[in-house]
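> Sharing a structure, written as structure tokens. Questions coming.
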Amino acid sequence: AQSVSQHNHHVILSEAASLELGCNYSYGGTVNLFWYVQYPGQHLQLLLKYFSGDPLVKGIKGFEAEFIKSKFSFNLRKPSVQWSDTAEYFCAVRRGGYNKLIFGAGTRLAVHP
Amino acid sequence: GAVVSQHPSWVICKSGTSVKIECRSLDFQATTMFWYRQFPKQSLMLMATSNEGSKATYEQGVEKDKFLINHASLTLSTLTVTSAHPEDSSFYICSARRDNPPNNEQFFGPGTRLTVL
């Protein structure tokens with residue numbers, strides 16, 4: 001069965017530190033890849049997505065992610081985090097031609113000022 | 001644009017009663033909507049795909065007679081939890097895929113917290 005793995009369940013950083021959250025998936029065919037963020041008390045918002053083309057994708061709020069097909073990975077990065085980045089981050093994958101999204105377990109990020 | 005609302009935002013009910021949750025796309029049409037369930041500190045699990053004008057497609061292990069889905073219009077899908085039990089307590093989230101432009105992006109609602117006593 002297709003699965004999405006997020007390796008870090010809980011990350012704690014100080015402001016200005018760099019961030020990298022891992023995401024791996026198990027499906028070998030064409031995939032669409034997503035990172036969503038859920039701020040405390042708010043709904044899921046799309047940070048960025050990859051469908052095709054340049055594997056380095058830039059999203060909102062200074063986030064970027066790199067699709068590495070050979071590693072089945074789509075890691076999320078931000079060079080310098082802010083306190084306002086405190087949230088839960090979900091990686092999601094959709095197989096090409098299918099509707100549904102498969103979500104990873106999520107990574108809870110806490111940024112201390 | 002691309003706002004999805006859910007009503008109610010939270011509900012408490014007695015065991016054995018039924019609860020209806022609405023999901024609306026406020027400024028776009030959505031032939032396809034999705035219903036997810038999120039347990040505390042866990043990820044979103046897809047329950048079913050709701051298609052306007054046709055039957056919903058349920059994921060394996062989800063009881064279609066317990067979780068009734070109706071997608072009556074291009075902007076509204078409802079999830080009814082029938083004969084609710086305490087184990088049905090959870091956070092239910094819907095999403096809607098915009099018909100135009102057809103970019104396959106899903107927009108999420110704020111969720112409905114259901115507590116069954």
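The values are calculated or read from the model by the stated rules, or taken from the named source; none is laboratory data. The model shown is predicted, which means the values in this text are computed figures rather than measured ones. With ideal geometry, Cβ positions are generated from the backbone for all residues, glycine too; neighbour counts draw on all protein chains shown.
> Does A:Lys100 qualify as being over 10 Å from the mean Cα position of the chain (by Cα), more than 14 Å from every other protein chain (Cβ to nearest Cβ), of a type in the set (Lys, Arg) and crowded, with 16+ Cβ neighbours inside 10 Å?
Working: over 10 Å from the mean Cα position of the chain (by Cα): yes; more than 14 Å from every other protein chain (Cβ to nearest Cβ): no; of a type in the set (Lys, Arg): yes; crowded, with 16+ Cβ neighbours inside 10 Å: yes.
When the stated conditions are applied, A:Lys100 does not pass them.
> Scan (1) surrounded by fewer than 14 Cβ atoms within 10 Å (Cβ to Cβ); (2) within 13 Å of chain A (Cβ to nearest Cβ); (3) part of a strand (DSSP E or B) for the single condition B:Thr49 breaks and write down its number.
Of everything listed in (1) surrounded by fewer than 14 Cβ atoms within 10 Å (Cβ to Cβ); (2) within 13 Å of chain A (Cβ to nearest Cβ); (3) part of a strand (DSSP E or B), B:Thr49 misses just condition (1).
> When only residues in the range B:9-46 that are under 23 Å from B:Thr75 (Cβ atoms) and in contact with a His (Cβ under 7 Å, 6 or more places away or on another chain) count, which is surrounded by the most Cβ atoms within 10 Å (Cβ to Cβ)?
B:Met33
> When you go through B:Thr82, B:Thr112 one by one, which is the residue that is at pLDDT 95 or above, polar (S, T, N, Q) and surrounded by 20 or more Cβ atoms within 10 Å (Cβ to Cβ)?
Details: B:Thr82 fails: surrounded by 20 or more Cβ atoms within 10 Å (Cβ to Cβ).
Exactly one of B:Thr82, B:Thr112 is at pLDDT 95 or above, polar (S, T, N, Q) and surrounded by 20 or more Cβ atoms within 10 Å (Cβ to Cβ), namely B:Thr112.
> Select from the range A:74-94 the residues that are away from chain B (no Cβ under 12 Å) and of a type in the set (Lys, Arg) and list them in ascending order.
Within the range A:74-94, A:Arg77, A:Lys78 meet the criteria.
> Take the conditions at pLDDT below 95 and either in contact with a Cys (Cβ under 8 Å, 6 or more places away or on another chain) or within 14 Å of chain B (Cβ to nearest Cβ) (or both) and apply them to A:Lys69. Does it pass? Don't jump to the end; show me each part of the working.
Working: at pLDDT below 95: yes; either in contact with a Cys (Cβ under 8 Å, 6 or more places away or on another chain) or within 14 Å of chain B (Cβ to nearest Cβ) (or both): no.
In short, no.
> Is there any pair with a first residue in the range B:43-67 that is under 25 Å from B:Gln29 (Cβ atoms) and a second that is part of a loop (DSSP other than H, G, I, E, B) and of a type in the set (Asp, Glu) whose Cβ atoms are under 7 Å apart and which are 6 or more apart or on different chains, and what are they?
B:Leu46/B:Glu59; B:Met47/B:Glu59; B:Ala48/B:Glu59
> Just give me the residues in the range A:34-46 being on the phi < 0 side of the Ramachandran plot and within 12 Å of another protein chain (Cβ to nearest Cβ), in sequence order. Please lay out each step first, then the result.
From the range A:34-46, those on the phi < 0 side of the Ramachandran plot are A:34-40, A:42-46; that's our starting set.
Residues satisfying the conditions are A:Phe34, A:Tyr36, A:Val37, A:Gln38, A:Tyr39, A:Gln42, A:His43, A:Leu44, A:Gln45, A:Leu46.
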